[in-house]
Amino acid sequence: MSNSTVTQPAQPQKTLLSGLTRRFRQDFQTYTMIVALVAIWGYFAVATEGSYVSPQNISNLFRQMSVTSLMAAGMVLVIVTGNIDLSVGRLAGYVSVIVAYLQANTWTTVFPDQPALAAISSVIVGLSVGTLWGIAQGYIIAYLRVPAFIVTLGSLFILQGLVLLQTEGKTIPANQPVFSEIGQGYLPAELSWGLVAVIAAFLVFNMLNGRRNKRRYGFPLPALTVDVLKIAAYTVLLVVYVGVVNSYSIAPGIPYPVLLLALIAVVVTYVSNNTRFGRYAYAIGGNRDAARLSGISIKRNIFLIFVLMGFLCGVAGVVLASYVGYGTIGAGGGYELDVIASAILGGTSTLGGVGTIPGAMIGGLIMASLSTGLQMLNAPPALTYVIKGSVLVFAVLLDVYLKRNDS
Amino acid sequence: MSEDTILEFRNVTKEFPGVTALSDVSFKVKRGEIHGLCGENGAGKSTLMKILAGVYPYGTYSGTVLYNGKELKLQNSAIQAAVREGIAIVYQELTLVPAMTVAENIFLGREPVERGSIDWDRLHSETRSILEKYRLDVRPQDVVRNLGIGQMQMTEIAKALSEDAQVLILDEPTSALSEVEIDRLMEILQTLKARGVTCIYITHKMNEFFRITDQLTVLRDGKVVSSQPTAELTPEKVVGLMVGREMKERFPRGARQPGDVILEVQDLHAEWAGREVLKGVSFALRKGEILGIAGLMGSGRTELVMTLFGEFANVTSGAVKLDGKPVQIKGSQAAMRHGLGLVPEDRKRFGLVLPQSIVRNISLANLGQFGGSLAVDEDSELAASTRMAQDLAVKAPSVQVAVGSLSGGNQQKVVMAKWLLSNPQILIMDDPTRGIDVGAKYEIYKLMNALAERGIGIIMISSELEEVLGMSDRVMVMWQGRSQGTLDTREATQERIMTLATGLA
Ligand SMILES: Nc1ncnc2c1ncn2[C@@H]1O[C@H](COP(=O)(O)OP(=O)(O)OP(=O)(O)O)[C@@H](O)[C@H]1O
Ligand SMILES: [Mg+2]
């Protein structure tokens, strides 16, 4: 045995290479998924003779992933605690039809000709409905101890009924000014560039701050070049993305829903890594008994996770209504499949305890990439389902196989 | 290889990412002997045995293992292959299925089958005959989840015995057993030896080696430092070989002055699942005192401390007083608010989140200490956890590795670190040194003394009488859910404790 007592606080940063291989092992699935994503894009780019990677399509692709990926961010935490939520798609759908109904019928009489006020009210109601539903589900699951699978399955049925009731089988328009900006608008091109600059500055500030803190605690610092390269890589990605979407002549700029998704993904990532609430979720999923004996309230934590999930479904529902421009009986149907698949493709373990939000975002992007690509190739919808399902199983199979060979 | 050598390791090397667990291990095991294997936590003992048991199959290590004169090549379902070769193992970490009964566990994977369906009658009767033959104190129909860890260990042993093996490997089989059960096991091993079964025996309890082993191999840092007849050795020599330096005393003496009573338990009765598990327990703990709790398996020691922590039985009568005020503790959160800490007995089940890093495990019960009310300051978390890991000499390539990849003893140190960091007023430790090597035990004892000197009251359950006598100020002895009496350690002897523990007084 060559290792000795832990003498260094952080990972001994022997060589740049060994550090990188270690990281690579850790985030294995994430990297495999990035490779898969690039391969998928490459294939569709060739098959569609380049139109797949046109600014228009890239702009749409990210916007398309936003509704399900918003929910996938919450789903990661739900699955990490060893639970599941089958009702997310229908909850978002229900929120979308309620919001559409309010937009089309209620606000026009309550405050006519005030589209901004109407939109704000819709957002508030939408988020509240989602959150309240989450509170109810969370209470039944955490405090009354009915398994999440059953509660959310029941919920799926109930919501299906509520959607029918709300729409009366009709399509409700939700394409009013201001409100439709939420799902269809763009951050103007100049502001998009400005945002990139702000983010880059923040990353630099954050790095310097982190290094200062590490030094204060006497931890060995990672090489400055590594930190700088990391920031450079993120910035380049952002610049490329904004460069591409800004060159989409009809509607330049970052789509608002993508911006919203990015914001929520960052916040939920932070919550999951750096707050007690998030840490506890991973501990509960990893070993419930040990978590309980460490003084963690399992009930409260799981309850709050379902509340968060409900809130995110509310957000997704509002975006959905605005993005498609109407509420229908079919709203959100089957989205739960994409949401769960995104989380799992991103490395979330169905056994609990393991999973990351950035991983789920890549998973969501893969799902959306497959959908749009196959659509552009005019593949029948049936094929889309078959391919998505196969990709999911194959990806997990590959991961299992690679991990086994690793140890 | 001569006739009477059953097993030979030749230059066996096994590496994990970042760790060389075994390097160039060579030694022989004679047919029919009891061969002891000892070394510090993380020396590579379990890893070597897992190679024999097929957990690490042929090709995942280098070097050769000769078994009955032929090279042992366990491949493709290597674990079953090892069983077929006649190699049985009791793992250090329990491997039972909690939801199944003792009988089902013993025959798991080898269920007797009659025309395609399991022959339950035979399964139960064979289990009963094994348990009776070796006089093991568990019942075939008990569900494993409801057993104490000592009984689980008994079940594991019964399972290995039922395989009628040529080579029986026991990896710390007695870590959770008390004296009486250990005596039982020693007898069983003698019987097996008389029948020609070869046994490889791992323990951290030095006296056991000298009671039953014929030959002793010492590992240090994955290398063999000595392999010789036990008769040529002394406990001091073995410890010297293990840790590479002399150790003068086993128990450091602290200069502590116990103060006022901080915890008082009066005639506590408690019930769980309709059964009375505590039938009258009374004791008092003072500030700065180490109170030992002794008792046999099933005497209610663990039930008592889990109940005090609010995580087990329902109190039906009696009182618990903290600083003279009666309290009712409902759950570990409340217990922690009252200043209690609990190092639980079963580290894998109650102590650790195995896939998470050392840092995250140590900080889990203590996140409130780092940063504000919401966010966790990762730098101070890392600093504090690292300090604890160093104080307890946790052996690992880095504090960021998953706890699941550590050796058993080092996992135990991580649980200790977690609770030491939580700064309790009263620290309850349920067999805290289970599976910890002599050197590290000494460090833990020193820490306990330091805590007691700071005025913290410590309750220590231990199955090792020597440890109880060596470390505590007073010893409470339990028998069948009752406190049988409290002895001052200065006047207590192993005999007096055993008399109380077996209900004879
Ligand atoms: N699955 C694994 N992955 C990575 N490292 C491992 C793994 N299993 C064991 N190790 C490492 O190999 C070394 C030897 O471990 P092993 O479990 O054999 O020790 P041991 O002698 O049985 O110790 P103990 O007395 O604590 O049980 C340790 O440093 C441990 O961290
Ligand atoms: Mg071991």
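The values are calculated or read from the model by the stated rules, or taken from the named source; none is laboratory data. What you see is a predicted model, and the numbers here were worked out from it, not measured in a lab. Note that each Cβ is placed from the backbone with ideal geometry, even for glycine, and that neighbours are counted across all protein chains shown. We work out accessible area using only protein heavy atoms, side chains counted, and drop any ligands, DNA or RNA first. Shrake-Rupley method; radii C 1.70, N 1.55, O 1.52, S 1.80 Å.
Multiplying the residue separation of B:ALA319 and B:ALA194 by 0.36 nm and subtracting their alpha-carbon distance yields 39.7 nm. In this structure, B:ALA99 and A:LYS230 have a Cβ-Cβ separation that, at R0 = 35 Å, corresponds to a calculated FRET efficiency of about 0.15.
Measuring nothing but protein heavy atoms, the accessible surface of the protein assembly as shown at 1.4 Å probe radius is 58 percent carbon and sulfur. Backbone N atoms of the stretch B:184-204 closer than 20 Å to the 7 Å Cα→Cβ label point of B:ARG128 are not found in any residue. The Kirkwood radius of chain B, taken over pairs of alpha-carbon atoms, gives through the Stokes-Einstein law at 37 °C and 0.692 mPa s a diffusion coefficient of 137 µm² s⁻¹.
The phi torsions of the stretch B:386-401, fed into the Karplus equation with coefficients 6.51, -1.76 and 1.60 and a -60° offset, translate into couplings of 5, 4, 4, 4, 6, 4, 9, 6, 5, 8, 6, x, 6, 6, 8, 6 Hz, rounded to whole numbers, with Gly and Pro shown as x. Have a look at the DSSP beta bridges in the protein assembly as shown and tell me what percent are antiparallel, nearest 5. The answer is about 60 percent antiparallel.
With only the Cα atoms considered, the protein assembly as shown has a convex hull volume of 201 Å³ per residue. In a simple Cβ point-charge model (Lys, Arg +1; Asp, Glu -1; nothing else charged), the protein assembly as shown has a dipole of about 1100 debye relative to its Cα centre. Each helix, a run of at least 4 DSSP H residues, gives -39500 (n - 2.57); summed and divided by the residues of chain B, these come to -9000 deg cm²/dmol at 222 nm.
Once you reduce the stretch A:84-104 and the stretch B:404-442 to the center of their Cα atoms, the two points are 50 Å from each other.
Using the Karplus relation 6.51 cos²θ - 1.76 cosθ + 1.60 with θ = phi - 60°, the per-residue 3J(HN,Hα) values for the stretch B:473-487 come to 7, 9, 10, 9, 10, 10, 8, 6, x, 10, 8, 8, x, 10, 10 Hz, with x marking Gly and Pro. For B:THR5, the residues whose amide H sits under 5 Å from its own are B:ARG31, ignoring neighbours fewer than 5 places away on the same chain, with H placed 1.01 Å from N. Using the empirical formula 2.2 N^0.38 Å as the baseline, the Cα radius of gyration of the stretch A:189-252 reaches a ratio of 1.44. Computed from Cα positions, the angle between helix B:179-194 and the longest principal axis of chain B comes to roughly 0 degrees.
Inter-label distance, A:TYR43 to A:ALA200: 3.5 nm, where each label sits 7 Å from its Cα along the C-beta direction. Pairs of C-alpha atoms in chain A farther apart than 34 Å represent 34 percent of all such pairs.
The length gained on full extension between B:VAL143 and B:THR502, counted as 0.36 nm times the residue separation minus their Cα-Cα distance, comes to 126.7 nm. Just checking the listed ones, A:THR109, A:THR68, A:THR81: in the Gaussian network model of chain A with Cα springs under 10 Å, the one fluctuating most is A:THR109. Label zone (B:ASN68, point 7 Å along Cα-to-C-beta; backbone nitrogen cut-off 18 Å) within the stretch B:1-32: B:1-9, B:29-32. Label sites at B:ASP377 and A:VAL266, each approximated as a point 7 angstrom past Cα along Cα to Cβ, lie 2.4 nm apart. Using the Cβ-Cβ distance between B:GLN425 and A:ARG145 with R0 set to 30 Å, the FRET efficiency from 1/(1 + (r/R0)^6) comes to roughly 0.35. One way to sum up the overall shape of the stretch B:5-243 is the equivalent ellipsoid from its Cα gyration tensor, whose semi-axes run 30, 21, 16 Å, largest first.
Derived scalar couplings between HN and Hα for the stretch B:80-97 equal 5, 4, 5, 4, 5, 6, x, 10, 10, 9, 9, 6, 5, 8, 5, 10, 7, 8 Hz in order, rounded to whole Hz, by the Karplus curve 6.51 cos²θ - 1.76 cosθ + 1.60 (θ = phi - 60°), x for Gly and Pro. Which of the lysines could a cross-linker span from A:LYS230 if the Cα-Cα distance has to be under 30 Å and same-chain partners fewer than 8 positions apart are dropped? Answer for A:LYS230, where 30 Å is the Cα cut-off: A:LYS14, A:LYS214, A:LYS403, listed by chain and number.
Between A and B, buried accessible area from a 1.4 angstrom probe totals roughly 3800 Å², ignoring ligands, DNA and RNA. Listed cross-link partners B:LYS330/B:LYS413; B:LYS193/B:LYS413; B:LYS348/B:LYS441; B:LYS28/B:LYS50; B:LYS45/B:LYS441; B:LYS348/B:LYS413 are compared with a 23 Å cut-off, the Cα-Cα value being larger for B:LYS330/B:LYS413; B:LYS193/B:LYS413. The distance from the alpha carbon centre of the stretch B:208-255 to that of the stretch A:223-267 is 61 Å, rounded to a whole number. Looking at the stretch B:353-423, the pairs of alpha carbons with a distance over 19 Å make up 23% of the total. Around the amide H of B:GLY295, modelled in the peptide plane, lie the amide H atoms of B:MET478, all under 5 Å away and 5 or more residues distant in sequence or on another chain.
Placing R0 at 30 angstrom, the Cβ-Cβ distance between A:TYR31 and A:ALA382 gives a FRET efficiency of 0.40 after rounding to 0.05. For B:TYR56, the amide hydrogen comes within under 5 Å of the amide hydrogens of B:ILE51, counting only partners 5 or more places away or on other chains and with H modelled in the peptide plane.
With a simple spin-label model that places each label point 7 Å from the Cα along the Cα-to-Cβ direction, the separation between B:ALA231 and A:VAL400 comes to 5.5 nm. Between the Cα long axis of helix A:115-138 and the first principal axis of chain A there is an angle of about 60°, rounded to the nearest 10.
The long axis of helix B:408-421 is offset from the longest Cα principal axis of chain B by roughly 10 degrees.
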